[in-house]
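Note sheet for the following structure.
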Amino acid sequence: MPLLRITADLDGTRLHGASSPLLPSLRRALACDPGPVTVMIHGFKYSPGDPRHCPHDSIFATRPRITGARVLSWPRHLGLRGQPGAGLGLSFGWPARGSIWQAFERAAWAGDQLAALLAQLQRLAPTRPVHLIAHSLGARVALRAVAQSAPGTVARMILLAGAEFIPTAQQALSRQGTDPADLPQVLNVTSRENDLFDFLLERMIPPPQPGARVLGHGLGHGDTTQDLSRMATLQLDDPAALAALRKAGFPIAAATRRICHWSPYLRPGVFPLYRAFLSGALEYQTLRHILPNQTAARWSRLMPRAPRPAQATPHRWHQGAA
(Lines give C-alpha, C1' and ligand atoms only; values in the text may rest on other atoms or scores of the structure.)
Protein backbone atom coordinates (compact mmCIF):
# COMPACT_ATOMS: atom_id res chain seq x y z
CA MET A 1 0.00 0.00 0.00
CA PRO A 2 2.18 2.89 -1.23
CA LEU A 3 -0.42 5.63 -0.74
CA LEU A 4 -3.15 6.46 1.74
CA ARG A 5 -5.58 9.28 0.89
CA ILE A 6 -6.59 11.39 3.89
CA THR A 7 -9.01 14.31 4.03
CA ALA A 8 -9.42 16.87 6.81
CA ASP A 9 -12.97 18.06 7.47
CA LEU A 10 -14.98 19.46 10.37
CA ASP A 11 -15.00 16.08 12.11
CA GLY A 12 -11.24 15.62 11.92
CA THR A 13 -9.23 13.47 9.52
CA ARG A 14 -10.72 10.55 7.65
CA LEU A 15 -10.00 8.28 4.73
CA HIS A 16 -10.94 10.06 1.53
CA GLY A 17 -14.11 8.69 0.00
CA ALA A 18 -14.74 6.23 2.82
CA SER A 19 -16.73 6.17 6.03
CA SER A 20 -14.45 3.65 7.77
CA PRO A 21 -12.28 4.94 10.64
CA LEU A 22 -8.81 6.13 9.79
CA LEU A 23 -6.83 4.45 12.57
CA PRO A 24 -7.13 0.79 11.45
CA SER A 25 -6.23 1.70 7.87
CA LEU A 26 -3.28 3.78 9.05
CA ARG A 27 -2.03 0.92 11.21
CA ARG A 28 -2.29 -1.56 8.31
CA ALA A 29 -0.57 0.85 5.92
CA LEU A 30 2.34 1.37 8.31
CA ALA A 31 2.77 -2.40 8.60
CA CYS A 32 3.20 -2.76 4.84
CA ASP A 33 6.61 -1.08 4.66
CA PRO A 34 9.09 0.00 7.35
CA GLY A 35 10.28 3.00 5.33
CA PRO A 36 9.61 6.69 6.03
CA VAL A 37 6.22 8.37 5.96
CA THR A 38 5.89 11.17 3.39
CA VAL A 39 2.96 13.56 3.78
CA MET A 40 2.01 15.61 0.69
CA ILE A 41 0.07 18.85 1.23
CA HIS A 42 -1.55 20.92 -1.53
CA GLY A 43 -2.19 24.64 -1.66
CA PHE A 44 -4.85 27.13 -2.76
CA LYS A 45 -7.88 26.20 -4.91
CA TYR A 46 -7.88 22.43 -4.29
CA SER A 47 -10.66 20.72 -2.38
CA PRO A 48 -11.15 16.98 -1.72
CA GLY A 49 -14.16 15.55 -3.52
CA ASP A 50 -14.52 18.46 -5.93
CA PRO A 51 -15.00 16.90 -9.40
CA ARG A 52 -12.57 19.37 -11.00
CA HIS A 53 -10.25 20.28 -8.15
CA CYS A 54 -9.78 17.19 -5.99
CA PRO A 55 -6.08 16.81 -5.07
CA HIS A 56 -6.45 13.06 -4.51
CA ASP A 57 -7.55 12.61 -8.11
CA SER A 58 -4.97 14.96 -9.61
CA ILE A 59 -1.53 15.87 -8.21
CA PHE A 60 -1.72 13.27 -5.40
CA ALA A 61 -2.77 10.38 -7.62
CA THR A 62 -0.27 7.92 -9.07
CA ARG A 63 -2.44 7.97 -12.21
CA PRO A 64 -4.34 11.28 -12.18
CA ARG A 65 -7.96 11.13 -13.23
CA ILE A 66 -8.11 14.93 -13.43
CA THR A 67 -5.62 16.18 -15.98
CA GLY A 68 -4.30 19.59 -16.98
CA ALA A 69 -1.16 21.63 -17.56
CA ARG A 70 -0.56 21.97 -13.81
CA VAL A 71 -1.22 18.33 -12.93
CA LEU A 72 1.81 16.15 -12.29
CA SER A 73 1.78 13.08 -10.05
CA TRP A 74 3.68 13.90 -6.86
CA PRO A 75 3.73 10.34 -5.48
CA ARG A 76 4.96 8.86 -8.74
CA HIS A 77 7.78 11.40 -9.06
CA LEU A 78 8.65 11.08 -5.36
CA GLY A 79 9.10 7.35 -5.88
CA LEU A 80 6.07 6.28 -3.83
CA ARG A 81 5.12 3.41 -6.10
CA GLY A 82 4.95 0.56 -3.63
CA GLN A 83 8.52 -0.67 -4.02
CA PRO A 84 10.12 -2.09 -0.84
CA GLY A 85 11.75 0.54 1.32
CA ALA A 86 9.97 3.50 -0.28
CA GLY A 87 7.73 3.83 2.73
CA LEU A 88 4.21 5.15 3.00
CA GLY A 89 2.81 8.15 1.19
CA LEU A 90 -0.03 10.14 2.75
CA SER A 91 -1.91 12.61 0.58
CA PHE A 92 -3.41 15.23 2.90
CA GLY A 93 -6.38 17.07 1.44
CA TRP A 94 -8.14 20.07 2.94
CA PRO A 95 -10.79 22.57 1.67
CA ALA A 96 -8.70 25.32 0.07
CA ARG A 97 -11.22 26.88 -2.29
CA GLY A 98 -13.07 30.17 -1.81
CA SER A 99 -11.35 33.50 -1.28
CA ILE A 100 -7.69 33.79 -0.31
CA TRP A 101 -8.81 35.08 3.11
CA GLN A 102 -11.00 32.03 3.67
CA ALA A 103 -8.32 29.62 2.49
CA PHE A 104 -5.64 31.30 4.61
CA GLU A 105 -7.77 30.85 7.73
CA ARG A 106 -8.66 27.26 6.82
CA ALA A 107 -4.97 26.48 6.35
CA ALA A 108 -4.41 27.12 10.06
CA TRP A 109 -7.32 24.86 10.94
CA ALA A 110 -5.98 22.18 8.55
CA GLY A 111 -2.61 22.49 10.27
CA ASP A 112 -4.31 21.61 13.56
CA GLN A 113 -5.76 18.50 11.92
CA LEU A 114 -2.39 17.57 10.47
CA ALA A 115 -0.75 17.97 13.89
CA ALA A 116 -3.25 15.47 15.31
CA LEU A 117 -2.43 13.07 12.48
CA LEU A 118 1.31 13.43 13.13
CA ALA A 119 0.69 12.66 16.80
CA GLN A 120 -1.10 9.48 15.75
CA LEU A 121 1.87 8.50 13.61
CA GLN A 122 4.19 9.09 16.56
CA ARG A 123 2.11 6.79 18.75
CA LEU A 124 1.85 4.05 16.11
CA ALA A 125 5.38 4.18 14.74
CA PRO A 126 7.63 6.32 16.96
CA THR A 127 10.85 5.33 15.16
CA ARG A 128 9.62 6.03 11.63
CA PRO A 129 10.91 9.28 10.08
CA VAL A 130 8.13 11.60 8.91
CA HIS A 131 8.63 13.97 5.98
CA LEU A 132 6.41 16.80 4.74
CA ILE A 133 6.32 18.32 1.25
CA ALA A 134 3.94 21.22 0.74
CA HIS A 135 3.10 23.80 -1.92
CA SER A 136 1.77 27.34 -1.52
CA LEU A 137 -0.74 27.54 1.37
CA GLY A 138 0.19 23.95 2.12
CA ALA A 139 3.36 25.40 3.65
CA ARG A 140 1.19 27.26 6.15
CA VAL A 141 -0.56 23.97 6.96
CA ALA A 142 2.78 22.20 7.42
CA LEU A 143 4.34 24.90 9.60
CA ARG A 144 1.23 25.14 11.77
CA ALA A 145 1.40 21.38 12.32
CA VAL A 146 5.11 21.48 13.16
CA ALA A 147 4.51 24.29 15.67
CA GLN A 148 2.05 22.07 17.55
CA SER A 149 4.03 18.84 17.35
CA ALA A 150 6.52 17.38 19.79
CA PRO A 151 10.19 18.07 18.99
CA GLY A 152 11.58 15.56 16.54
CA THR A 153 8.18 14.62 15.07
CA VAL A 154 9.11 15.81 11.56
CA ALA A 155 12.52 14.85 10.19
CA ARG A 156 12.56 16.71 6.85
CA MET A 157 10.33 19.24 5.17
CA ILE A 158 10.21 20.79 1.69
CA LEU A 159 8.28 24.05 1.25
CA LEU A 160 7.47 24.92 -2.37
CA ALA A 161 6.62 28.60 -3.03
CA GLY A 162 5.41 28.76 0.55
CA ALA A 163 2.51 31.12 1.19
CA GLU A 164 3.42 31.95 4.77
CA PHE A 165 5.17 34.82 6.52
CA ILE A 166 8.79 34.47 7.63
CA PRO A 167 8.14 35.34 11.32
CA THR A 168 5.45 32.64 11.48
CA ALA A 169 7.87 30.10 10.03
CA GLN A 170 10.58 31.15 12.46
CA GLN A 171 8.21 30.85 15.40
CA ALA A 172 7.01 27.41 14.29
CA LEU A 173 10.53 26.05 13.92
CA SER A 174 11.76 27.62 17.16
CA ARG A 175 9.13 25.64 19.06
CA GLN A 176 11.01 22.46 18.18
CA GLY A 177 13.53 23.31 20.88
CA THR A 178 17.27 23.89 20.81
CA ASP A 179 18.58 20.37 20.30
CA PRO A 180 19.72 20.15 16.65
CA ALA A 181 18.62 16.52 16.55
CA ASP A 182 15.01 17.62 17.12
CA LEU A 183 14.95 20.31 14.44
CA PRO A 184 13.55 19.34 11.04
CA GLN A 185 15.80 19.72 8.04
CA VAL A 186 14.02 22.21 5.78
CA LEU A 187 14.43 22.97 2.09
CA ASN A 188 12.75 26.28 1.25
CA VAL A 189 12.21 26.43 -2.52
CA THR A 190 11.51 29.88 -3.90
CA SER A 191 11.69 31.62 -7.26
CA ARG A 192 11.38 35.13 -8.60
CA GLU A 193 8.72 33.63 -10.88
CA ASN A 194 6.50 33.68 -7.79
CA ASP A 195 7.05 37.37 -6.93
CA LEU A 196 3.60 38.51 -8.02
CA PHE A 197 1.88 35.90 -5.82
CA ASP A 198 4.10 36.75 -2.85
CA PHE A 199 3.43 40.47 -3.29
CA LEU A 200 -0.33 39.97 -3.47
CA LEU A 201 -0.36 37.79 -0.36
CA GLU A 202 1.57 40.42 1.59
CA ARG A 203 -0.92 43.08 0.52
CA MET A 204 -4.09 41.06 1.12
CA ILE A 205 -3.27 39.21 4.36
CA PRO A 206 -2.42 41.13 7.55
CA PRO A 207 1.18 40.26 8.47
CA PRO A 208 2.06 38.92 11.94
CA GLN A 209 4.27 41.97 12.42
CA PRO A 210 4.74 45.21 10.45
CA GLY A 211 6.81 44.80 7.31
CA ALA A 212 6.92 41.00 7.49
CA ARG A 213 7.58 39.23 4.20
CA VAL A 214 6.66 35.75 3.01
CA LEU A 215 8.97 32.78 2.56
CA GLY A 216 9.59 33.57 -1.11
CA HIS A 217 11.77 36.48 -0.01
CA GLY A 218 14.33 33.90 1.04
CA LEU A 219 15.03 32.21 4.33
CA GLY A 220 17.80 30.17 5.83
CA HIS A 221 21.05 31.58 4.40
CA GLY A 222 23.33 33.86 6.33
CA ASP A 223 21.16 33.45 9.42
CA THR A 224 22.68 32.02 12.58
CA THR A 225 19.56 31.83 14.73
CA GLN A 226 18.75 28.39 16.09
CA ASP A 227 15.39 28.12 14.33
CA LEU A 228 17.01 28.55 10.90
CA SER A 229 20.17 26.54 11.47
CA ARG A 230 18.82 23.50 9.62
CA MET A 231 17.28 25.27 6.65
CA ALA A 232 18.53 25.74 3.10
CA THR A 233 16.96 28.10 0.57
CA LEU A 234 16.95 27.34 -3.13
CA GLN A 235 16.02 30.08 -5.60
CA LEU A 236 14.90 27.91 -8.47
CA ASP A 237 15.43 30.49 -11.22
CA ASP A 238 18.94 31.50 -10.12
CA PRO A 239 21.49 30.38 -12.78
CA ALA A 240 24.22 30.12 -10.13
CA ALA A 241 22.07 27.83 -7.97
CA LEU A 242 21.14 25.66 -10.95
CA ALA A 243 24.79 25.43 -11.99
CA ALA A 244 25.78 24.32 -8.49
CA LEU A 245 23.06 21.68 -8.43
CA ARG A 246 24.01 20.46 -11.90
CA LYS A 247 27.59 20.03 -10.74
CA ALA A 248 26.31 18.05 -7.75
CA GLY A 249 24.41 15.70 -10.08
CA PHE A 250 20.99 17.32 -10.14
CA PRO A 251 20.35 18.92 -13.54
CA ILE A 252 17.24 21.10 -13.36
CA ALA A 253 15.80 22.90 -16.37
CA ALA A 254 16.23 26.65 -16.53
CA ALA A 255 13.25 28.92 -15.90
CA THR A 256 11.33 29.84 -19.03
CA ARG A 257 8.53 31.97 -17.56
CA ARG A 258 8.52 35.31 -15.81
CA ILE A 259 5.47 34.47 -13.69
CA CYS A 260 4.68 30.98 -12.43
CA HIS A 261 3.39 29.78 -9.06
CA TRP A 262 3.76 26.08 -9.88
CA SER A 263 7.32 25.80 -11.18
CA PRO A 264 8.67 24.31 -7.91
CA TYR A 265 7.00 21.04 -8.85
CA LEU A 266 6.47 21.39 -12.62
CA ARG A 267 10.07 22.28 -13.54
CA PRO A 268 11.82 19.27 -15.15
CA GLY A 269 14.49 17.84 -12.88
CA VAL A 270 13.24 19.04 -9.47
CA PHE A 271 11.90 15.75 -8.15
CA PRO A 272 15.22 13.84 -8.19
CA LEU A 273 16.52 16.64 -5.94
CA TYR A 274 13.50 16.38 -3.65
CA ARG A 275 13.82 12.59 -3.46
CA ALA A 276 17.49 12.85 -2.55
CA PHE A 277 16.77 15.43 0.15
CA LEU A 278 13.90 13.49 1.70
CA SER A 279 15.83 10.22 1.65
CA GLY A 280 18.85 11.80 3.33
CA ALA A 281 21.12 11.08 0.37
CA LEU A 282 21.52 14.85 0.07
CA GLU A 283 21.92 16.57 3.43
CA TYR A 284 20.82 20.12 4.13
CA GLN A 285 24.41 21.00 5.13
CA THR A 286 25.53 20.11 1.62
CA LEU A 287 22.80 22.24 0.09
CA ARG A 288 23.65 25.20 2.32
CA HIS A 289 27.28 24.84 1.29
CA ILE A 290 26.77 24.65 -2.48
CA LEU A 291 23.84 27.05 -2.91
CA PRO A 292 24.32 30.84 -3.13
CA ASN A 293 24.01 32.66 0.19
CA GLN A 294 21.61 35.30 -1.12
CA THR A 295 18.46 35.34 -3.22
CA ALA A 296 17.85 37.88 -5.96
CA ALA A 297 15.80 40.98 -5.22
CA ARG A 298 12.06 40.89 -5.74
CA TRP A 299 10.91 41.85 -9.26
CA SER A 300 14.38 41.14 -10.66
CA ARG A 301 12.83 38.63 -13.07
CA LEU A 302 10.00 40.89 -14.21
CA MET A 303 12.14 44.02 -14.35
CA PRO A 304 15.76 42.96 -14.82
CA ARG A 305 18.26 45.72 -14.36
CA ALA A 306 20.27 46.67 -17.40
CA PRO A 307 24.04 46.41 -16.93
CA ARG A 308 25.66 49.68 -16.05
CA PRO A 309 27.60 51.24 -18.93
CA ALA A 310 31.33 51.18 -18.51
CA GLN A 311 32.60 54.48 -17.20
CA ALA A 312 35.39 56.14 -19.09
CA THR A 313 38.64 56.58 -17.19
CA PRO A 314 38.97 60.25 -16.17
CA HIS A 315 41.51 62.10 -18.30
CA ARG A 316 44.45 63.21 -16.22
CA TRP A 317 46.16 66.48 -17.07
CA HIS A 318 49.84 66.34 -16.34
CA GLN A 319 51.87 69.37 -15.36
CA GLY A 320 53.27 70.92 -18.49
CA ALA A 321 50.68 69.42 -20.81
CA ALA A 322 49.50 71.64 -23.63
Read through the list (1) closer than 26 Å to residue 152 by Cα; (2) surrounded by fewer than 20 Cβ atoms within 10 Å (Cβ to Cβ); (3) of a type in the set (Gly, Ala, Ser), then give the number of the only condition that residue 240 fails. (1)
If I go through region 88-105 residue by residue, how many of them are under 13 Å from residue 9 (Cβ atoms) and within 18 Å of the chain's Cα centre (by Cα)? 4
Selection from region 177-187 of residues that are more than 18 Å from residue 127 (Cβ to Cβ) and free of Cβ contacts under 8 Å to residues at least 40 places away in the same chain: 177
I'd like to check which strands (runs of 3 or more DSSP E) are fully inside region 1-105 and have at least 2 residues that are at pLDDT 95 or above. 3-9, 37-41, 88-93
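Sort through 273, 291, 287 and tell me the only one that's crowded, with 17+ Cβ neighbours inside 10 Å, without any contact (Cβ under 8 Å) to a residue 60 or more places away in the chain and in contact with a strand residue (DSSP E or B) (Cβ under 9 Å, 6 or more places away or on another chain).
273 is the lone residue from the list that is crowded, with 17+ Cβ neighbours inside 10 Å, without any contact (Cβ under 8 Å) to a residue 60 or more places away in the chain and in contact with a strand residue (DSSP E or B) (Cβ under 9 Å, 6 or more places away or on another chain).
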Looking at region 126-207, what helices (runs of 4 or more DSSP H) fall wholly within it and have at least 2 residues that are within 20 Å of residue 266 (Cα to Cα) and of a type outside the set (D, E, K, R)? 137-147, 195-204
Can you name every residue in region 252-270 that is polar (S, T, N, Q) and either part of a helix (DSSP H, G or I) or surrounded by 20 or more Cβ atoms within 10 Å (Cβ to Cβ) (or both)? 263
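Would you mind stating whether residue 281 is out of contact with any Leu (no Cβ under 7 Å at 6 or more places or on another chain), outside any loop (DSSP other than H, G, I, E, B) and either farther than 23 Å from residue 197 by Cα or free of Cβ contacts under 8 Å to residues at least 24 places away in the same chain (or both)?
No.
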Screening 140, 156 for residues that are in contact (Cβ under 8 Å) with a residue 24 or more places away in the chain and surrounded by fewer than 24 Cβ atoms within 10 Å (Cβ to Cβ) leaves only 156
Residue ID - modelled with the highest pLDDT, chosen from residues in region 169-206 that are under 20 Å from residue 235 (Cα atoms), surrounded by fewer than 24 Cβ atoms within 10 Å (Cβ to Cβ) and among the polar types (S, T, N, Q): 185
Consider residue 59 against the criteria (1) more than 23 Å from residue 108 (Cα to Cα); (2) among the β-branched types (Val, Ile, Thr); (3) buried (at least 17 other Cβ atoms within 10 Å of the Cβ): it satisfies all of them except one. Which criterion is unmet? (1)
Filtered residues of region 231-251 (kept if farther than 19 Å from residue 300 by Cβ and in a loop (DSSP other than H, G, I, E, B)): 248, 249, 250, 251
If I filter region 74-97 for residues that are touching a helix residue (DSSP H, G or I) at 6+ places or on another chain (Cβ under 8 Å) and free of Cβ contacts under 8 Å to residues at least 12 places away in the same chain, do I get at least one hit? no
Tell me, please, whether a residue that is in contact (Cβ under 8 Å) with a residue 12 or more places away in the chain, part of a helix (DSSP H, G or I) and in contact with a strand residue (DSSP E or B) (Cβ under 9 Å, 6 or more places away or on another chain) can be found in region 294-305. no
What are the residues in region 116-135 that are of a type in the set (Gly, Ala, Ser) and surrounded by 24 or more Cβ atoms within 10 Å (Cβ to Cβ), if any? 134
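The values are calculated or read from the model by the stated rules, or taken from the named source; none is laboratory data. Just so it is clear, the model here is predicted, and its values are computed rather than measured. All Cβ positions, glycine included, derive from the backbone under ideal geometry; neighbour counts span all protein chains shown.
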